[in-house]
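Asks: What follows is a structure written as structure tokens; I'll ask about it next.
Every read-out reported here was derived from the displayed coordinates using simple, explicitly stated rules and does not represent laboratory data. Since we're looking at a predicted model, the values are computed, not measured. Heads up, the Cβs are rebuilt from the backbone with ideal geometry, glycines too, and the neighbour counts pull from every protein chain shown.
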Amino acid sequence: MYKKGLYTITSNMPLTETIYKMVLQGDTSYISASGQFVEIELPNKFLRRPFSVCDYDDNSITLIYKVVGEGTQLMSQLKIGTTLDLLTGLGNGFDINIDTKQPLLIGGGVGIPPLYNLAKQLIKKGLQTTVALGFNCAEELFFVKEFKEIGCKVVVATIDGSVGTKGYVTDAINQNGINCDYFFACGPLPMLKALCNHFTIEGQISMEERMGCGFGACMGCSIQTKNGAKRVCKEGTVFLKSELDL
């Protein structure tokens with residue numbers, strides 16, 4: 001179930017040269033799980049834009065987005081007090097009611113934000129939670145401090161080696177001796193494929209696809225799984241590793 005409503009920008013600030021953090025005030029009652037997403041109607045744009053929820057509380061939603069085109073460029077220029085039309089409560093989100101004692105959260109680039117509230121929920125359950133974050137270079141780092149502040153062990157990989165382990169998140173996991181019995185992941189497709197090959201354990205993977213409607217009507221975001229075609233916006237965005245054929 002999703003809800004359409006109006007939300008007011010209370011903060012919109014850069015974290016890096018291209019990564020922005022936006023906080024919106026409004027009804028969050030339809031957000032039921034970490035990893036769900038919202039769709040935003042932007043001025044003079046025909047299609048809504050989907051963004052994963054980084055964090056939320058009783059009356060605010062935090063989004064982290066990357067400026068990559070006209071829509072996100074417009075978003076970065078929106079002022080405090082601007083009202084936006086959102087669809088909330090979209091997607092299935094991560095399932096935290098699983099048997100795990102050592103969960104590992106793995107994020108790459110703009111796949112990192114939905115893992116933040118997930119980490120908070122797992123820590124609230126008393127679970128020792130480790131986070132592996134992948135970036136291209138030091139200048140692109142964001143939310144590393146925030147994960148540490150809520151109690152996560154954090155390891156970082158950068159492609160150029162400017163911070164943390166040089167290479168990919170799998171290199172950081174190996175070189176830091178990270179042990180886990182279950183994993184959650186979100187990021188670029190090559191990273192997700194590498195993780196599926198790396199792990200023999202089960203995990204949950206949040207997929208990204210271009211979306212038209214965002215709530216399952218247009219079928220535009222369908223992917224093929226081992227159980228047939230599934231809509232990323234409706235049956236996902238989160239799928240079990242064992243269900244995907246990556």
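Asks: Once fully extended, how much extra length lies between D181 and E209, figured as 0.36 nm per residue of separation less the alpha-carbon to alpha-carbon distance?
Replies: Length gained, D181 through E209: 7.3 nm.
Asks: Could I get the Rg over Rh figure for the range 165-246? Both from C-alpha atoms, Rh via Kirkwood, rounded to two places.
Replies: Values: Rg = 14.1 Å, Rh = 13.7 Å.
Using only Cα positions, Rg/Rh for the range 165-246 is 1.03.
Asks: Using the alpha-carbon atoms, what tilt in degrees (0 to 90, nearest 10) does helix 114-124 show relative to the longest principal axis of the chain?
Replies: Approximately 60 degrees, to the nearest 10.
Asks: Pop a pseudo-label 7 angstrom from the Cα along the beta-carbon direction at both E41 and S11 and give the gap in nm to one decimal.
Replies: A separation of 2.7 nm, rounded to one decimal place.
Asks: Under 1.5 on a/c is rounded, so check that first for the range 1-146, then, if it is not, pick prolate when a/b is larger than b/c and oblate when it is not; a ≥ b ≥ c are the square roots of the alpha carbon gyration tensor eigenvalues. Display every interim value, and only then the final one.
Replies: Working: a/c = 2.08, a/b = 1.31, b/c = 1.60.
Because a/c hits 1.5 or more and a/b fails to exceed b/c, the range 1-146 counts as oblate.
Asks: Next question, about the same structure. Given charges of +1 on the Cβ of Lys and Arg and -1 on the Cβ of Asp and Glu, with all other atoms neutral, how large is the dipole of the chain about its Cα centre, in debye to the nearest 20?
Replies: So the dipole magnitude of the chain works out to roughly 160 debye.
Asks: Under a plain spin-label model, where a point goes 7 Å from the Cα along Cα-to-Cβ, how far apart in nm are K120 and D85?
Replies: The two pseudo-label positions are separated by 2.9 nm.
Asks: Put +1 on the Cβ of every Lys and Arg and -1 on every Asp and Glu Cβ in the chain; which of I201, F46, G177 then has its Cα farthest towards the positive end of the dipole?
Replies: In the chain, that residue is F46.
Asks: Okay, next question. How big is the Cα convex hull of the range 122-192 in projection, averaged over all directions, in nm²? Walk me through the numbers before you get to the answer.
Replies: Numbers: hull surface 19.4 nm².
Reported value for the Cα convex hull: 4.9 nm².
Asks: What ratio of Cα Rg to 2.2 N^0.38 Å holds for the chain? Intermediate results must be reported in sequence, preceding the final value.
Replies: Values: Rg = 17.2 Å, N = 246, 2.2 N^0.38 = 17.8 Å.
It is 0.97.
Asks: Hey, another quick one. Calculate, in nm to one decimal, what Q224 and D245 gain on full extension: separation in residues at 0.36 nm each, minus their alpha carbon distance.
Replies: 6.8 nm
Asks: For the chain, what is the relative contact order in percent, using Cα pairs closer than 8 Å and at least 6 residues apart in sequence?
Replies: Numbers: 573 pairs, mean separation 43.2, N = 246.
It rounds to 18 percent for the chain.
Asks: Identify, among N92, G187, A132, the residue whose Cα sits farthest towards the positive end of the charge dipole of the chain, taking +1 on the Cβ of Lys and Arg and -1 on the Cβ of Asp and Glu, with the dipole about the Cα centre.
Replies: Projecting each Cα onto the dipole axis, the largest value belongs to N92.
Asks: To the nearest 10 degrees, how steeply does helix 189-198 sit against the main Cα axis of the chain, on a 0 to 90 scale?
Replies: Computed tilt is about 30 degrees.
Asks: What is the order of K66, K166, fewest Cβ neighbours within 10 Å to most?
Replies: In order of increasing Cβ crowding within 10 Å: K166, K66.
Asks: Take every DSSP beta bridge whose two residues both sit in the chain, then give the antiparallel share in percent to the nearest 5.
Replies: So the antiparallel bridges in the chain amount to around 65 percent.
Asks: What is the dipole size for the range 111-246, taken about its Cα centre, with +1 at each Lys and Arg Cβ and -1 at each Asp and Glu Cβ, in debye to the nearest 20?
Replies: 340 debye
Asks: Additional query: Around I64, what is the net charge, scoring Lys/Arg as +1 and Asp/Glu as -1 over all other residues with Cβ under 12 Å from its Cβ?
Replies: Overall, the nearby charge balance is 0.
Asks: I need the calculated FRET efficiency for the pair S60 and K193, taking r as the beta carbon distance and R₀ as 35 Å, to the nearest 0.05.
Replies: It comes to 0.50.
Asks: Still on this structure, please answer the following. Cβ under 11 Å from L74's Cβ, L74 left aside: what net charge do those residues give with Lys, Arg +1 and Asp, Glu -1?
Replies: Neighbour charge sum, excluding L74 itself: +1.
Asks: Roughly speaking, what is the stretch gain from K145 to E202, that is 0.36 nm per residue apart minus the C-alpha to C-alpha distance, in nm to one decimal?
Replies: Extending this stretch completely gives an extra 17.7 nm.
Asks: For the cross-link pairs K21/K234; K3/K193; K125/K148, which exceed 28 Å when the distance is taken from alpha carbon to alpha carbon?
Replies: K3/K193
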